[in-house]
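Engineer: Below is one structure. I have some questions about it.
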Ligand code: GDP
């Protein structure tokens, strides 16, 4: 019974957005609601020595080479919240994508001035493929942005997901009056940085809002939504087919609390997860989980690492003995940490939906499943994410080829970088989601394997995996480079969008996909 209670309380999610859309600002407000922090650190106010709590990893980064995403856990009302940070900017990497495999729902922030931006599209695609619920927060309503109807159209057209506005902005920027809340039938009045004021719609008559021209103009839009818009269907939300949309301003803390409360109500608790032997429900008594990230120790003198484990079923007890599916070795988990908003604390018990850090004496790999009990199934959560940058790599001193090979293999296994081979020459080509990955690789090959390497850039490439069984190899060239991935699957690295489209036009029989689901 308690296990079920604990599961129902859990809300594990990530916030996805393009840099500068307001992720840090929104996260901070959520932490304030959870009373994790007392005052909002001026966002990125590093001059004043204050950090946004979700940026704590920046500090770590300066000390090490590890690029991490943080986990923030806290209680809020009847819920236990786990927010997983998805690193953006120059930290954008496979870790960012992988984090999305460890959550049950996602909040997507869109800047009302800029609309749907590239990084949002990339992350959205992964969420879509996994069919997880996506909630949209359209931010910066205190500024003059795009028309709300145009923003909805953009979401539907660019992202291909249907939307249901939970509230509707009345004006924006200087004319921003507040939100018409379709769900609670209230008007939420915007008072700048002062606290918002909630007026039931049937008491709006006679207030200065009801006669305001901006309000009267907006009533038409609201009518249009009611008549021609999508209807709300919680099942479609849960399948990731319909996204509830909320408007607001993270900076002014306007519309954030209503958004969060509705989100928690409609977001899902930890769900059954797919294994090679079918779905395992979280309430399964036997503990199971999988590792979605490994973080090297900050101290280079110690080679040990921390593995981030998403608990999928049962109860975690510190000191318990589990089995690693891949190696069939058993291990006692004595050192485990939880992440209470960046503070790491020893955790004795944890439940499905929780993320814990376990000490890794170099025995785990990303994707490993840990199990209590005798069944030897494994979670199949990690798809292959599309790298964007490609480089050929060679060892400078051929005498060191052996260490080079060993180092590359090891680092590829850790998952920060993907290995390909050019089909015609067998040259090693590495693909990464972010530039930093190459620098980390070069550094670590030097520091840990004493190998110096040379890169030849292939620049930005658009990778597509070939799904067709048979194809002619002569249709490929240096602009549409034929490679094999680590599993021997053929892929093409296109020089740019033009070559890609030209190729498709002329080779309609070759089926290409941009994401490979785990098999
Ligand atoms: P992140 O890169 O997505 O984490 O974005 P931040 O939260 O750091 O925000 C980027 C910039 O946008 C900062 O200068 C914020 O103060 C600003 N910002 C965030 N939310 C709002 C908002 O609701 N209104 C306005 N006007 N600015 C905002």
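Engineer: Would region 82-96 turn up any residue that is closer than 23 Å to residue 280 by Cβ, away from the ligand (no atom under 12 Å from the Cβ), at pLDDT 85 or above and not in a helix (DSSP H, G or I)?
Structural biologist: So in region 82-96, the residues closer than 23 Å to residue 280 by Cβ come out as 82, 84.
Checking the rest, the ones that are also away from the ligand (no atom under 12 Å from the Cβ) come to 82, 84.
Now restrict to residues that are at pLDDT 85 or above: 82, 84.
With the extra rule that they be not in a helix (DSSP H, G or I), the set shrinks to 82, 84.
Taking every residue of region 82-96 in turn, at least one turns out to be closer than 23 Å to residue 280 by Cβ, away from the ligand (no atom under 12 Å from the Cβ), at pLDDT 85 or above and not in a helix (DSSP H, G or I).
Each row is one residue, and each column tells you yes or no for (1) modelled with pLDDT under 90; (2) in a strand (DSSP E or B); (3) surrounded by fewer than 20 Cβ atoms within 10 Å (Cβ to Cβ).
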{"residue": "4", "(1), (2), (3)": "no, no, yes"}
{"residue": "24", "(1), (2), (3)": "yes, no, no"}
{"residue": "74", "(1), (2), (3)": "yes, yes, yes"}
{"residue": "109", "(1), (2), (3)": "no, yes, no"}
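Engineer: As an exercise: evaluate residue 264 against (1) closer than 25 Å to residue 383 by Cα; (2) touching a strand residue (DSSP E or B) at 6+ places or on another chain (Cβ under 9 Å) and give the number of the one condition it does not meet.
Structural biologist: Only one criterion in (1) closer than 25 Å to residue 383 by Cα; (2) touching a strand residue (DSSP E or B) at 6+ places or on another chain (Cβ under 9 Å) is unmet by residue 264, namely (1).
Engineer: Would you say residue 155 is at pLDDT 95 or above, under 28 Å from residue 388 (Cα atoms) and part of a helix (DSSP H, G or I)?
Structural biologist: Working: at pLDDT 95 or above: yes; under 28 Å from residue 388 (Cα atoms): yes; part of a helix (DSSP H, G or I): yes.
Yes, satisfied.
Engineer: Filter region 436-457 for residues that are crowded, with 19+ Cβ neighbours inside 10 Å and assigned to a strand (DSSP E or B) and give the result.
Structural biologist: Within region 436-457, just 453 meets the criteria.
Engineer: Same structure again: Looking at residue 179, is it in a loop (DSSP other than H, G, I, E, B), touching a helix residue (DSSP H, G or I) at 6+ places or on another chain (Cβ under 9 Å) and within 19 Å of residue 29 (Cα to Cα)?
Structural biologist: Values: in a loop (DSSP other than H, G, I, E, B): no; touching a helix residue (DSSP H, G or I) at 6+ places or on another chain (Cβ under 9 Å): yes; within 19 Å of residue 29 (Cα to Cα): yes.
Against the criterion (in a loop (DSSP other than H, G, I, E, B), touching a helix residue (DSSP H, G or I) at 6+ places or on another chain (Cβ under 9 Å) and within 19 Å of residue 29 (Cα to Cα)), residue 179 does not qualify.
Engineer: Among what's in region 427-436 and is touching a strand residue (DSSP E or B) at 6+ places or on another chain (Cβ under 9 Å) and farther than 20 Å from residue 126 by Cα, pick the residue that is modelled with the lowest pLDDT. Before the answer, list the steps.
Structural biologist: So the first thing to find is which residues in region 427-436 are touching a strand residue (DSSP E or B) at 6+ places or on another chain (Cβ under 9 Å), and the list is 427-435.
Adding the requirement that they be farther than 20 Å from residue 126 by Cα leaves 427-430, 435.
Values: 427: 93, 428: 94, 429: 96, 430: 94, 435: 79.
Filtering first and then ranking leaves 435.
Engineer: In region 111-146, which residue that is in a helix (DSSP H, G or I) and away from the ligand (no atom under 16 Å from the Cβ) is surrounded by the most Cβ atoms within 10 Å (Cβ to Cβ)?
Structural biologist: Looking at the filtered set, the residue picked out is 127.
Engineer: Inspect all residues belonging to region 147-159 and state whether any of them is surrounded by fewer than 18 Cβ atoms within 10 Å (Cβ to Cβ) and in contact with a strand residue (DSSP E or B) (Cβ under 7 Å, 6 or more places away or on another chain).
Structural biologist: Looking for residues that are surrounded by fewer than 18 Cβ atoms within 10 Å (Cβ to Cβ) and in contact with a strand residue (DSSP E or B) (Cβ under 7 Å, 6 or more places away or on another chain), one finds at least one in region 147-159, hence yes.
Engineer: Shifting gears a bit: When you check residue 120 against the structure, is it touching a residue at least 24 places away in the same chain (Cβ under 8 Å) and closer than 15 Å to residue 257 by Cα, yes or no?
Structural biologist: On the way: touching a residue at least 24 places away in the same chain (Cβ under 8 Å): yes; closer than 15 Å to residue 257 by Cα: no.
So residue 120 does not fit the description; no.
Engineer: Still on this structure, please answer the following. Restricting attention to region 339-366, which residues are assigned to a loop (DSSP other than H, G, I, E, B), under 20 Å from residue 319 (Cβ atoms) and modelled with pLDDT under 85?
Structural biologist: Applying the first criterion (assigned to a loop (DSSP other than H, G, I, E, B)) to region 339-366 yields 341-342, 347-348, 351-354, 361-366.
Add one more test, that the residue is under 20 Å from residue 319 (Cβ atoms), and what stays is 347-348, 351-352, 354, 361, 363-364.
Across region 339-366, the qualifying residue is only 361.
Engineer: If we scan region 367-380, do we find a residue that is crowded, with 20+ Cβ neighbours inside 10 Å, at pLDDT below 90, within 20 Å of residue 7 (Cβ to Cβ) and not assigned by the TED database to the domain that holds residue 452?
Structural biologist: No, region 367-380 has no match at all.
The values are calculated or read from the model by the stated rules, or taken from the named source; none is laboratory data. Values in this document were obtained by computation on a predicted structure and should not be read as measured data. In this analysis, Cβ positions are derived from the backbone assuming ideal geometry, glycine residues included, and neighbour counts consider all displayed protein chains.
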